[in-house]
Structure formats: structure tokens, C-alpha cells
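Read-outs throughout are calculated quantities, based only on the coordinates presented, and are distinct from any laboratory measurement. On a predicted model such as this, the values are computed, not experimentally measured, just so you know. Positions of Cβ are generated from backbone atoms using ideal geometry, with glycine treated the same way; all protein chains shown enter the neighbour counts.
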Amino acid sequence: MLGLKLLTDPRWANIAESNLETILTDHAWCEQKAASNAISLITQNPQYEDLVEELTKIAIEEMEHFQMVTDIIRERGYTLGRDQKDDYVGQLYKFMKKDGSRNQAFIDRLLFAAMIEARSCERFRVLHQNIKDEELAKFYYDLMVSEANHYTVFLNFARQYTEDVDVEKRWKEWLDFEGKLIQSYGKKEYVHG
């Protein structure tokens, strides 16, 4: 799925479902960070009109998702907790190339975003297929579809705007790195945990 090298063990959904307040809080903050990432890409690359238009839509959609998750938290009598450091995303960030040309850094930032969206999509699929809570199963199906679209947008922009990067080769490097990285995750009730 999405080229990912290692799929999440379906039993991770049981871990997530055993502490819904934690997974929902983490999910809410993931949506906020995704919106912030889209906005950052817009502010750094305003010369690409189609990118600005599409990433504006994504930023708005991600904040709508944030609102949806916080609504679920409130409806269930939970409390939105504080944002926790996302070690998985931190490791991906370290893998991102920040040297080289401006275009190389831009392309890697797009691939970084595509990678996070791909894994989030896959995790939402696992939740959709494996949790007993029917309302949340439907909710995660809808978000899975959305994340798949976001993944495609970021990857396609990387392919469109490359000047000096072999995007297919670099994407394979991202997939290989993430495939090794994800082996250390899937044991906690966090979207990427």
C-alpha cells in the first residue's frame, strides 16, 4: 500500500483503542502539524501558484480534521491533552536533505510530507479495519481517503517541480529508510507510535 515497505500489525489498533483519549489527542495534534507544514510550504514557495492553491486547500482540510477530532474528544468527555513530541516524524526530519540546492531541499520537504501522509493513511486504514467502535471506524475510513489524496498531491508536486533531483530514486530512498524506521514503532497508542 502506497509503496510502504512494512505494514502496521493490525494488533496496533487494539493498543490504540485501549486508550482512545491518547490516540485522539495525538491525532488532533498531527492534523494541526500537517496544516502548519502546508502553510510553511506555501510561505516558502509562493511562486508556484498551483502549489499555493492546492496546499491552501490541504491546510484548510487539515484544520477541519483537527476540529472534527477535537469535537469527538469533547463529545466523549475526554480532554485535549498537550502535544507530545513525535519521534517518528523527528527521525524522518533528520533524514530530510537540508543542504544542496534550494530545489533539492524543497523536493525533499515535499517527499517528507508525502511520507508522513502515506504512513498516516496506512495507520487510519488499520484503525478503520480493526477497531470495534463503529463511529470511529467510519471516521478513520474517511480520513484514510483524505490522507491518500494528500500523499498524492505532495508526491506529484515533487515530480513536477524537480530541477536537479531524481525524484523516483529519492522517493525509493525515503521508502527504504521509513521501512527500517517503522520497525521500531507500532507499540504505542499514537498515530505514528
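Some notes on this structure:
- Checked against (1) assigned to a helix (DSSP H, G or I); (2) in contact (Cβ under 8 Å) with a residue 60 or more places away in the chain, H192 passes all but condition (1).
- Criterion applied to K180, K187 was being part of a helix (DSSP H, G or I), out of contact with any His (no Cβ under 6 Å at 6 or more places or on another chain), of a type in the set (D, E, K, R) and over 28 Å from K57 (Cβ atoms), and the one residue passing it is K180.
- Only residues that are closer than 27 Å to L20 by Cβ and surrounded by fewer than 16 Cβ atoms within 10 Å (Cβ to Cβ) were counted across the stretch 34-67, and they come to 4.
- Exactly one residue out of V145, V126 is within 15 Å of the chain's Cα centre (by Cα), surrounded by fewer than 24 Cβ atoms within 10 Å (Cβ to Cβ), closer than 18 Å to L181 by Cβ and among the β-branched types (V, I, T), and it is V126.
- A residue that is farther than 15 Å from F157 by Cβ and of a type in the set (F, W, Y) can be found somewhere in the stretch 4-19.
- Residue count, the stretch 25-62 (criterion: within 25 Å of Q84 (Cβ to Cβ), touching a residue at least 60 places away in the same chain (Cβ under 8 Å) and among the aromatic types (F, W, Y)): 0
- Condition check for L7 on (1) assigned to a helix (DSSP H, G or I); (2) closer than 17 Å to M144 by Cβ; (3) not acidic (D, E): one failure, at (1).
- Among residues of the stretch 99-123, those that are within 24 Å of E54 (Cβ to Cβ) and surrounded by fewer than 15 Cβ atoms within 10 Å (Cβ to Cβ), counted: 3
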